[in-house]
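**Q** Structure incoming, see below.
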Amino acid sequence: TYTLADLRALPQTRVVHDVQCTDGWRVEKVPFEGVRLAGQLDDAGVAARGKALLFTCFDGAYTENLTLEQARRSDMLVALRMQDAPITHEHGGPVRLYAAPMYFYKSAKWLSGISVTDRVIPGYWEERGYDLDGWLDDSEKSGGVA
């Protein structure tokens, strides 16, 4: 369990990447800052026997998923800041997932919890026909940013 103050006190990472929605809009080079998801998993002692993560949200409706391999990429954040300011409620704050190499629906708003699961559980948007992985580009599948 982490409070907002706990998350703010942890080392922060900045990732700058394009944000793209499935309906075609795109914003180039959006800076996000937050805690690397891989670090959170390590701190929590997440073992390799799990297969995936399920993200829950304070609105009670949205859920999202990542495989553990995806979650350990260096461009996956528990984000606290967007465009050099705290993430507003309207944009999914105060804490949201930021999955840089994936369509923006994978970056769950109003993040409330992360659970380790033994399989990928389709999230809110996947249950409505969206791709399970949501990669922006096939070349992104191979790894994160430094």
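**Q** Going by what's in this entry, would ALA52 be described as touching a helix residue (DSSP H, G or I) at 6+ places or on another chain (Cβ under 9 Å) and either farther than 20 Å from ASP18 by Cβ or among the basic types (Lys, Arg) (or both)?
**A** On the way: touching a helix residue (DSSP H, G or I) at 6+ places or on another chain (Cβ under 9 Å): yes; either farther than 20 Å from ASP18 by Cβ or among the basic types (Lys, Arg) (or both): yes.
Judged against the criteria, ALA52 is a match.
**Q** Restricting attention to region 107-123, does a residue exist that is closer than 20 Å to THR22 by Cα and not in a loop (DSSP other than H, G, I, E, B)?
**A** Within region 107-123, none of the residues are closer than 20 Å to THR22 by Cα and not in a loop (DSSP other than H, G, I, E, B).
**Q** Within region 17-36, which residues are of a type in the set (Val, Ile, Thr) and modelled with pLDDT of 95 or more? Give the derivation first.
**A** Here is the first cut: in region 17-36, the residues of a type in the set (Val, Ile, Thr) are 19, 22, 27, 30, 35.
Of everything in region 17-36, those that are of a type in the set (Val, Ile, Thr) and modelled with pLDDT of 95 or more turn out to be VAL19, VAL27, VAL30, VAL35.
**Q** Looking at region 1-16, is at least one residue of a type outside the set (Lys, Arg), more than 16 Å from ARG81 (Cα to Cα) and at pLDDT below 95? Show your work before the answer.
**A** Residues of region 1-16 that are of a type outside the set (Lys, Arg), as a first pass: 1-7, 9-13, 15-16.
Among the residues that remain, those that are also more than 16 Å from ARG81 (Cα to Cα) are: 1-2.
Keeping just the survivors that are at pLDDT below 95 gives 1-2.
Scanning region 1-16, I find at least one residue that is of a type outside the set (Lys, Arg), more than 16 Å from ARG81 (Cα to Cα) and at pLDDT below 95, so the answer is yes.
**Q** Ok, one more. Looking at (1) surrounded by fewer than 21 Cβ atoms within 10 Å (Cβ to Cβ); (2) within 15 Å of the chain's Cα centre (by Cα), which one does VAL35 not meet, given that it meets all the others?
**A** Tallying (1) surrounded by fewer than 21 Cβ atoms within 10 Å (Cβ to Cβ); (2) within 15 Å of the chain's Cα centre (by Cα), VAL35 fails exactly one: (1).
**Q** If you don't mind, there's one more thing I want to ask. Here's a check for you: in region 42-92, which residue that is among the small types (Gly, Ala, Ser) and surrounded by 18 or more Cβ atoms within 10 Å (Cβ to Cβ) is farthest from ARG14 (Cα to Cα)? Quick ask: steps written out before the conclusion?
**A** To start, the set of residues in region 42-92 that are among the small types (Gly, Ala, Ser) comprises 44-45, 47-48, 50, 52, 60-61, 71, 74, 79, 85, 92.
Among the residues that remain, those that are also surrounded by 18 or more Cβ atoms within 10 Å (Cβ to Cβ) are: 52, 71, 79, 92.
Details: ALA52: 24, ALA71: 16, ALA79: 9, GLY92: 18 Å.
Across region 42-92, the extreme among qualifying residues is ALA52.
**Q** Next up: So which pairs qualify, if the first residue must be in region 1-12 and in contact (Cβ under 8 Å) with a residue 12 or more places away in the chain and assigned to a loop (DSSP other than H, G, I, E, B), the second must be open to solvent by less than 70 Å² (accessible area, probe 1.4 Å) and of a type outside the set (Val, Ile, Thr), the Cβ gap must be under 7 Å, and the two must be at least 6 apart or on different chains?
**A** Short answer, once both residue conditions are applied: GLN12/GLU33; GLN12/GLY34.
**Q** Ok, one more. Would you mention how many residues in region 14-30 are more than 18 Å from LYS109 (Cβ to Cβ) and either touching a Gly at 6+ places or on another chain (Cβ under 7 Å) or not charged (D, E, K, R) (or both)? Spell out how you get there, then give the answer.
**A** So in region 14-30, the residues more than 18 Å from LYS109 (Cβ to Cβ) come out as 14, 16, 18, 24, 26, 28-29.
Keeping just the survivors that are either touching a Gly at 6+ places or on another chain (Cβ under 7 Å) or not charged (D, E, K, R) (or both) gives 16, 24.
Final tally of qualifying residues: 2.
**Q** Looking only at region 96-120, count how many residues are within 15 Å of the chain's Cα centre (by Cα) and open to solvent by 50 Å² or more (accessible area, probe 1.4 Å).
**A** Result for region 96-120: 6.
**Q** Looking at (1) part of a loop (DSSP other than H, G, I, E, B); (2) within 20 Å of LEU7 (Cα to Cα); (3) acidic (Asp, Glu), which is the one condition that is false for ASP133?
**A** ASP133 satisfies every listed condition except (2).
Table: residues versus (1) of a type in the set (Gly, Ala, Ser); (2) assigned to a strand (DSSP E or B).
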| residue | (1), (2) |
| --- | --- |
| HIS17 | no, yes |
| GLY24 | yes, no |
| GLN40 | no, no |
| ALA48 | yes, no |
| LEU54 | no, yes |
| VAL78 | no, yes |
| ARG81 | no, yes |
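The values are calculated or read from the model by the stated rules, or taken from the named source; none is laboratory data. Just so it is clear, the model here is predicted, and its values are computed rather than measured. In this analysis, Cβ positions are derived from the backbone assuming ideal geometry, glycine residues included, and neighbour counts consider all displayed protein chains. The accessibility values were calculated without ligands, DNA or RNA, using every heavy atom of the protein model including side chains. Shrake-Rupley method; radii C 1.70, N 1.55, O 1.52, S 1.80 Å.
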